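A.B. asks: Quick one: the structure is below, and I'll ask about it shortly.
The values are calculated or read from the model by the stated rules, or taken from the named source; none is laboratory data. All of these numbers come straight from a predicted model, not from anything done at the bench. Here the Cβ is made from the backbone with ideal geometry for all residues, glycine too, and neighbour counts use every protein chain on show.
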Amino acid sequence: MKNFKVLLDYILIALGCASLACGIVMFFAPNQVPAGGPPGLAILGNYALGLSPGVVLFLVNTPLVIAGYKLLGRKLFIRSLIVVILTSVFTDSLPLLFELPDLGDNRLLNALYGGLMVGLGIGLMFKAGSSSGGWSILARIISSRFNISLGQCLFFMDAAVILLSAIVFQDFEAAMLGGIAVFVTGRMVDLIVSGSSDIKVVHISCWKADRLKPIIENELGISGSVVKAKSMKSGGDKEILFLIIEKTQLVPIRKLVEEHDPDAYLVVMNAMEVYGTGSRA
């Protein structure tokens, strides 16, 4: 059963990478719609430097994933590295292997559907317990050092890529279309992952907190607080793990709890804002 779940995760990762690549090569790149993040940089690098989008994705994402090894943990690091490789390969190989259809020159429609495809791809990656590459890792590093929210950090990083693309393309209509694409991508990711906030509050009510705590800390690098409690039904002593996590960590932590303490239950809530440098200690 465990092997089947792992296989399913990797199938979702492959489908997510293919969807993201389709969004780039079928919708964004042909119409010079500047997406945010590495896809936007891939389109920009292809236009300005003549590099293939897949090569740019690999060059941008790989160093960031490696730099974020400590933040990711071993399992998430491996899956993120696989995402980087597959996305780069799919982005460059799809136009060579298939005759991609002409989807018209309506840039607004291409921005909308490109955003849907990229958002679907990233959402599937998150569902499989992976990150989407190095962009979110860079945002996590910046947000932790400068004590700003992850959502704000990602917004300004994507905005910078879109603005740079508009300057290079000399087309500020492209910037407006890029903003639409980024918005649609974000909403699609939220729909797939089933959450509207980058930050989640997780309560894990369990009988085996001493067993779960080191596993969560070692495999996911997540720390939190322990609250003593009593079961209303039996009166026995229980513990509640109080964790503040990012939505990309929700699926991995759920799977760990299911595997190591199937009697535990999780309550997940959206955190609109998190303040203080010790909020995740």
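A.B. asks: (1) touching a Leu at 6+ places or on another chain (Cβ under 9 Å); (2) loosely packed, with under 14 Cβ neighbours inside 10 Å; (3) not basic (Lys, Arg): which one isn't true of residue 147, the others all being true?
C.D. replies: Of the numbered conditions (1) touching a Leu at 6+ places or on another chain (Cβ under 9 Å); (2) loosely packed, with under 14 Cβ neighbours inside 10 Å; (3) not basic (Lys, Arg), the odd one out for residue 147 is (1).
A.B. asks: Could you list, in sequence order, all residues of the stretch 221-245 that are touching a helix residue (DSSP H, G or I) at 6+ places or on another chain (Cβ under 9 Å) and surrounded by fewer than 20 Cβ atoms within 10 Å (Cβ to Cβ)?
C.D. replies: Listed by number, the residues that qualify are 221, 223, 226, 238, 239, 240.
A.B. asks: Assuming residue 104 fulfils every condition listed in (1) assigned to a helix (DSSP H, G or I); (2) at pLDDT below 85 apart from one, which condition is it?
C.D. replies: Only one criterion in (1) assigned to a helix (DSSP H, G or I); (2) at pLDDT below 85 is unmet by residue 104, namely (1).
A.B. asks: Have a look at 124, 108, 103 and point out the one that is aliphatic (A, V, I, L, M) and either crowded, with 17+ Cβ neighbours inside 10 Å or within 14 Å of residue 21 (Cβ to Cβ) (or both).
C.D. replies: 124
A.B. asks: Read through the list (1) buried (at least 17 other Cβ atoms within 10 Å of the Cβ); (2) closer than 26 Å to residue 5 by Cα; (3) not β-branched (Val, Ile, Thr), then give the number of the only condition that residue 165 fails.
C.D. replies: Here residue 165 clears every test but (2).
A.B. asks: Of the residues 129, 119, only one is in a loop (DSSP other than H, G, I, E, B) and surrounded by 22 or more Cβ atoms within 10 Å (Cβ to Cβ); which?
C.D. replies: The match here is 129.
A.B. asks: So, in the stretch 227-254, exactly how many residues are at pLDDT below 80 and closer than 30 Å to residue 9 by Cβ?
C.D. replies: 3
A.B. asks: Here is a list: 141, 204. Which entry is of a type in the set (A, V, I, L, M, F, W, C), more than 15 Å from residue 111 (Cα to Cα), in contact (Cβ under 8 Å) with a residue 60 or more places away in the chain and outside the structural domain of residue 48 (by TED's automatic domain parsing)?
C.D. replies: None of the others qualify; the one that does is 204.
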